[in-house]
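In what follows, a single structure is set out as structure tokens and then discussed.
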Amino acid sequence: MSRLLAIIPARGGSKGVPGKNLRDLCGKPLIAWSIEQALQANCVTDTVVSTDSEAIARVARAAGAHVPCLRPAELATDDAPTEPAMLHALEVMEESHGRYDAVMLLQPTSPLRLAGTLDSAWEAFVQDDADSLCGVVETHAFFWQVDPVRASYDTANRPRRQDIQLSDIRYRETGSVYITRRDAFRREGNRLAGKTALFIMQEREGWEIDSLVDFAVLGALLSEEF
């Protein structure tokens with residue numbers, strides 16, 4: 001049986017919404033949603049929270065996650081990428097819990113994951129024999145670039161949504177779930193390594209929290225789902 005480590009990164013110094021990882025969302029701290037979803041997934045062996053905040057660590061432990069130590073300060077700066085923090089969490093957990101076969105990254109800012117989503121993502125990862133997997137949602141947006149100003153579609157023949165062909169559908173990375181084989185992750189230092197599979201999620205699962213407006217929207221959606 002494969003051993004899968006769910007890693008939830010949560011800095012204390014969020015900028016867009018200060019203290020967002022501990023901010024209440026439908027009766028529980030934002031980070032608690034991702035922890036509970038990981039703990040409920042059959043595919044997840046262990047769940048660890050990587051944080052530089054003692055306050056977040058206390059809440060995470062109370063919710064059932066491992067927090068073996070605080071994240072080093074140099075891995076928790078505003079411009080620090082996520083992967084070094086993931087590697088640190090993996091190495092610390094393997095010292096006490098043994099070797100894992102893969103890691104699952106869950107961003108706490110994407111709290112709406114439907115029941116069974118994480119297990120379905122793992123099944124897709126295994127069935128595709130992928131090195132990594134990225135959660136996505138369909139987008140039918142019409143994109144433009146600025147320099148030079150140019151549309152990504154033929155403006156003289158603007159397609160109607162119902163006329164878009166399957167081959168023309170684009171997918172937006174949600175940030176909600178990533179899975180990476182341990183060895184591929186350690187080799188490339190990237191959550192998207194080697195052969196990457198796409199896991200298509202429900203549209204409402206694609207919301208990310210970056211502002212107070214997002215909190216309000218996710219609050220309404222979560223109230224309907226749960």
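Consider the range 47-71 and keep the residues that are assigned to a strand (DSSP E or B) and touching a helix residue (DSSP H, G or I) at 6+ places or on another chain (Cβ under 6 Å). The one that is farthest from Ala121 (Cα to Cα) is Ser50.
Out of the range 1-41, which residues are within 11 Å of Thr109 (Cβ to Cβ), part of a helix (DSSP H, G or I) and not hydrophobic (A, V, I, L, M, F, W, C)? Passing the criteria: Lys20, Asn21, Ser34. Checked against the criteria, Gly19 does not count as surrounded by 17 or more Cβ atoms within 10 Å (Cβ to Cβ) and at pLDDT below 95. The requirement of being assigned to a helix (DSSP H, G or I), at pLDDT 95 or above and aromatic (Phe, Trp, Tyr) is fulfilled somewhere in the range 182-201, by at least one residue.
Considering the range 131-148, the residues that are in a loop (DSSP other than H, G, I, E, B) and touching a helix residue (DSSP H, G or I) at 6+ places or on another chain (Cβ under 8 Å) include one that is nearest to Leu192 (Cα to Cα), namely Asp131. Give me the residue from the range 72-119 that is charged (D, E, K, R) and outside any loop (DSSP other than H, G, I, E, B) and, out of that set, farthest from Thr51 (Cα to Cα). Here the residue is Asp119.
For (1) surrounded by 12 or more Cβ atoms within 10 Å (Cβ to Cβ); (2) in contact with a Cys (Cβ under 6 Å, 6 or more places away or on another chain); (3) β-branched (Val, Ile, Thr); (4) within 19 Å of Gln202 (Cβ to Cβ), each residue gets a yes or a no:
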site	(1), (2), (3), (4)
Thr109	yes, no, yes, yes
Gly116	yes, no, no, yes
Ala121	yes, no, no, yes
Phe125	yes, no, no, yes
Asp128	yes, no, no, no
Cys134	yes, no, no, yes
Val137	yes, no, yes, yes
Ala141	no, no, no, yes
Pro148	no, no, no, no
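Answer with yes or no whether Ser53 is touching a residue at least 24 places away in the same chain (Cβ under 8 Å) and within 28 Å of Glu188 (Cβ to Cβ). Judged against the criteria, Ser53 is not a match. Here Leu39 clears all of (1) surrounded by 23 or more Cβ atoms within 10 Å (Cβ to Cβ); (2) closer than 26 Å to Leu133 by Cβ except the condition numbered (1). Among residues of the range 133-178 being farther than 19 Å from Asp210 by Cβ and among the β-branched types (Val, Ile, Thr), the one that is modelled with the highest pLDDT is Val146.
The values are calculated or read from the model by the stated rules, or taken from the named source; none is laboratory data. None of the values given here were measured: they were computed from a predicted structure. Reconstructed Cβ throughout: ideal geometry from the backbone, glycine too, with neighbour counts over all protein chains shown.
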